[in-house]
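Accompanying notes for the structure given below.
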Amino acid sequence: MTITVEQINFWRSAKSETQHLEFKEAKNQFDNKKLYRYCVALANEGGGHLLLGIADKPPRPVVGTAAFNDPVDMASKIFQAIGFRVDIQEVTHRDGRVSEGSSNTISQIIAAAVEQGLVKNDPNAPAESKRYARYIPAWA
């Protein structure tokens, strides 16, 4: 599913975050391990979206993010760390930070879409991946 500016604006208007929707400001960075945990948590709750570059609290202004330079590379790292695919998109949004001496800048938002999965303990998982809940894709 392609995430549009209109969809992002609809999500921003929500009264609060939910078990299927998370916002993180992440202007300059976002810890990879935190990202992995959020992806697993969203999968275990039935799927959802993590939006980087948007403030957590209403009215949730778009601040933009430079957390990940290469979304394709980050998607690969997520897959290697937690064993399932997460779709990552860059979305350009005009409601960005106001820079001194200029009008609103165009800001990038990173949207991670996570599909539903089920928790399963895997005693044979490598030590690094045991930090995260195990996941079974909904189609398995």
Out of E115, E45, E128, I need the residue that is among the charged types (D, E, K, R), at pLDDT below 60 and surrounded by fewer than 19 Cβ atoms within 10 Å (Cβ to Cβ). Which one? E128
If I110 meets every condition in (1) part of a strand (DSSP E or B); (2) at pLDDT 85 or above apart from one, which number is that one? (2)
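Among the residues of segment 13-52, write down those that are of a type in the set (S, T, Y) and in a strand (DSSP E or B). Give the derivation first.
Initially, segment 13-52 is screened for residues of a type in the set (S, T, Y), giving 13, 16, 18, 36, 38.
Passing the criteria: only T18.
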Verdict on Q89 being at pLDDT below 80 and not β-branched (V, I, T): no
Has segment 52-71 got any residue that is surrounded by fewer than 13 Cβ atoms within 10 Å (Cβ to Cβ), in contact with a strand residue (DSSP E or B) (Cβ under 6 Å, 6 or more places away or on another chain) and at pLDDT below 90? no
Of the criteria (1) of a type outside the set (D, E, K, R); (2) surrounded by 13 or more Cβ atoms within 10 Å (Cβ to Cβ); (3) touching a strand residue (DSSP E or B) at 6+ places or on another chain (Cβ under 7 Å), which one T92 fails: (2)
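The values are calculated or read from the model by the stated rules, or taken from the named source; none is laboratory data. All of these numbers come straight from a predicted model, not from anything done at the bench. Don't worry about glycine lacking a Cβ; one is built from the backbone with ideal geometry, like all the others, and counts go over all protein chains shown.
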